[in-house]
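Data first, discussion second: the structure below is written as structure tokens.
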Amino acid sequence: MQVPGSTRSSLKHDHLLQTPDTFIRSPLAGAKDVEFIIHAAPQMGARFTQMTAEFKAGGSLGPAPAQRFLYVLEGKLELKAGGKKYTLAPAGFAYLPEGIAHEVRALKGSRVAVIEKPYEAAAGSAATEMVVGNEKDIKPVALMGDETLRVRSMMADGQGYDFAVNTMEYDPGAQLSMVEVHVMEHGLLMLDGGGIYRLGDSWYPVEAGDFIWMAPYCPQWFGALGKRPAKYLLYKDWRRHPLGA
Ligand code: UGY
Ligand code: MN
């Protein structure tokens, strides 16, 4: 039982650990029958938004204010875009370039990770295109040759794309081989299992359902604990010069 007034959630200048006991749900203009847990937003220093959208059956999203990425955690979505209709089951995902007309409707009660980022055009790079798929169909790549740590990249490859969304799956006992310190920021949703996350100079036990935001240059490391693989969904901005040139 949780001691009243206590939580694992922690906000520091370069990171946020947000655990489900602290989630607050709110509606957003444009969406119908959907409640949003707004995990990361410019209000806390992020340059993107990450939310969990909880749909009632028939619920729908409003227009996107930026590029939009959807990853289905539970349930089933219907996506209409580019004159086509898609059904997204759990682990189904879609990338929608900024400005593309689309409709998103839940075919049953659903939970969906929604990431939105203003597009940063780069001179000489082609416009981005919509991507729709299922993470289960993506071949994993061993991180730095480590077969116990598997990465699946969902976004298309190419200079036009200014962010990535990957899943990272760790066998029990697997760990990042180094403490990373980098210019990219991260939004991270724990999907399965658990372990210890180092963020800055703090070490946190984390488990499925937790959200983490890491600011640029936040020192970060993860080691998986327990008897089942740990898995998380990871956003990062990349491929753009820090000066915006
Ligand atoms: O891609 C990444 O930067 C990743 N290895 N970071 C992380 O898992 N915290
Ligand atoms: Mn990283």
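The values are calculated or read from the model by the stated rules, or taken from the named source; none is laboratory data. As the structure is a computational prediction, the values presented were derived from the model and not from experiment. All Cβ positions, glycine included, derive from the backbone under ideal geometry; neighbour counts span all protein chains shown. Side chains included, ligands, DNA and RNA excluded: accessible areas come from the protein's heavy atoms. Shrake-Rupley method; radii C 1.70, N 1.55, O 1.52, S 1.80 Å.
Take 19, 148 and sort them by solvent-accessible surface of the protein heavy atoms, 1.4 Å probe, largest at the top.
These residues rank, largest area first, as 148, 19.
With charges only on Cβ, +1 for K and R and -1 for D and E, what is the dipole size of the chain about its Cα centre, in debye, rounded to 20?
Details: 26 positive and 27 negative charges, 112 e Å.
It works out to roughly 540 debye.
With a 1.4 Å probe and all protein chains kept in place, how do 213, 238, 203, 221 rank by accessible area, largest first?
My answer, sorted largest first, is 203, 238, 221, 213.
Over the chain, what percent of the accessible surface lies on carbon and sulfur atoms, probe 1.4 Å?
Carbon with sulfur: 56 percent of the solvent-accessible area.
Hey, what do the phi angles of the range 51-57 turn into as Karplus ³J(HN,Hα) couplings, whole Hz, using 6.51/-1.76/1.60 and θ = phi - 60°, x for Gly and Pro?
Coupling constants for the range 51-57: 9, 9, 9, 10, 9, 7, 4 Hz.
Using a Förster radius of 25 Å, what is the FRET efficiency between residue 125 and residue 183 based on their Cβ-Cβ separation? Nearest 0.05, please.
The formula returns an efficiency of 0.85 here.
Taking the highest mean first, how do the peptides 115-124, 223-232 order by number of other beta carbon atoms within 10 angstrom per residue?
223-232, 115-124
Over all directions, what mean area does the Cα convex hull of the range 23-135 project, stated in square nanometres?
Details: hull surface 29.5 nm².
Result: a mean projected hull area of 7.4 nm².
Which one, 193, 168, 221, projects farthest toward the positive side of the charge dipole computed for the range 139-237 from Cβ point charges (K/R +1, D/E -1)?
Going by the Cα projections, it comes out as 193.
Per residue, what accessible area does the range 1-129 have, given a 1.4 Å probe and all protein chains present, in Å²?
51 Å²
Excluding same-chain pairs closer than 8 in sequence, count the lysine pairs in the chain whose Cα atoms lie under 19 Å apart.
Close lysine pairs under the 19 Å cut-off: 16.
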